[in-house]
Amino acid sequence: MATFTRIVYTSGPVAEVGAHMLALREHVSARLGSEVALWNVLFGEPVGTFAFTTRLDGIAGVQAMGASLADDADFAALVAKGADWSTGAPVDQMRDSLKGENTAGVPPVGSVATVTTAVMNGGKYGAAVTWGLEVAAMVEKITGMPVDLSMGSYGEMGQLAWIGGAADAATADAANAKISADAEYMAKLDGADGLFVPGSAHRRLAIRMG
């Protein structure tokens, strides 16, 4: 199973756009018979960025999802309704976990996700993945919260993503404070020198709306 993400960029009245995105999430979840999570990206992307995420069986799962929605008039109407708020084409992503199958399930509404990405240097993939898994384990130990390490299947080659989850914003703040104050963690970051493309690191924070 892989994690499929569709990122949508919008501009418009916050309440109206948010309600529309929730309606779209609920319809697609019911149509597919599996849970789709809706995230509002608060930092690291333009204001009005949303992300839909779900677990799928690779490309075959994406094709099955597309076939299920292809002749859905209600879905088409929802997409058309949101066209006026769109500021650009949506972006699809597919990631595979490097820590094994995810058995934790979808985080509940109100959860906060921190997504940190970086692109590995050519010839350093093995060392970078090893370092990445060690960092994920270290953050889990410091914060007591799960951190997944995944690799993008398509798009920019060699991009790793650390995805950390927190129950709510206050818990996320407390976790960040613990990490920033941990000398061993800071020393571990120094060990990444040469493993990643300079300037490729990026961090986003999102909250689950539905």
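Where residues in segment 90-111 are part of a loop (DSSP other than H, G, I, E, B) and touching a Gly at 6+ places or on another chain (Cβ under 9 Å), which of them is surrounded by the fewest Cβ atoms within 10 Å (Cβ to Cβ)?
Restricting to residues being part of a loop (DSSP other than H, G, I, E, B) and touching a Gly at 6+ places or on another chain (Cβ under 9 Å), the top hit is Ala104.
Quick check: anything in segment 32-52 among the hydroxyl-bearing types (Ser, Thr, Tyr) and modelled with pLDDT of 95 or more?
Yes: one or more hits.
What are the residue pairs meeting all of these: first residue in segment 73-88, first residue under 19 Å from Val47 (Cβ atoms), second residue assigned to a helix (DSSP H, G or I), Cβ atoms under 6 Å, and 6 or more apart or on different chains?
Note: pairs meeting the criteria are Gly82/His20; Trp85/Val17.
Looking only at segment 132-150, how many residues end up being in contact with a helix residue (DSSP H, G or I) (Cβ under 8 Å, 6 or more places away or on another chain) and within 18 Å of His202 (Cβ to Cβ)?
5
Suppose we filter Ser153, Ser180 for residues that are surrounded by fewer than 16 Cβ atoms within 10 Å (Cβ to Cβ), among the polar types (S, T, N, Q) and within 20 Å of the chain's Cα centre (by Cα); which single one remains?
Ser153
Please determine, by comparing only the residues of segment 1-31 that are over 19 Å from the mean Cα position of the chain (by Cα) and aliphatic (A, V, I, L, M), which one is nearest to Phe52 (Cα to Cα).
Result: Ala23.
Given the condition within 16 Å of the chain's Cα centre (by Cα), within 25 Å of Ala19 (Cβ to Cβ) and assigned by TED's automatic domain parsing to the domain that holds Glu156, answer yes or no: does some residue in segment 94-102 qualify?
no
Just give me the residues in segment 156-177 being surrounded by fewer than 16 Cβ atoms within 10 Å (Cβ to Cβ) and within 18 Å of Arg204 (Cβ to Cβ), in sequence order. Spell out how you get there, then give the answer.
Taking segment 156-177 first, the residues surrounded by fewer than 16 Cβ atoms within 10 Å (Cβ to Cβ) are 156-157, 167-170, 173-174, 176-177.
Hits for segment 156-177 are Glu156, Asp168, Ala169, Asp173, Asn176.
The values are calculated or read from the model by the stated rules, or taken from the named source; none is laboratory data. No experiment lies behind these values; they were computed from the predicted model shown. Ideal geometry is used to build each Cβ from the backbone, glycine not excepted, and the neighbour counts take in all protein chains shown.
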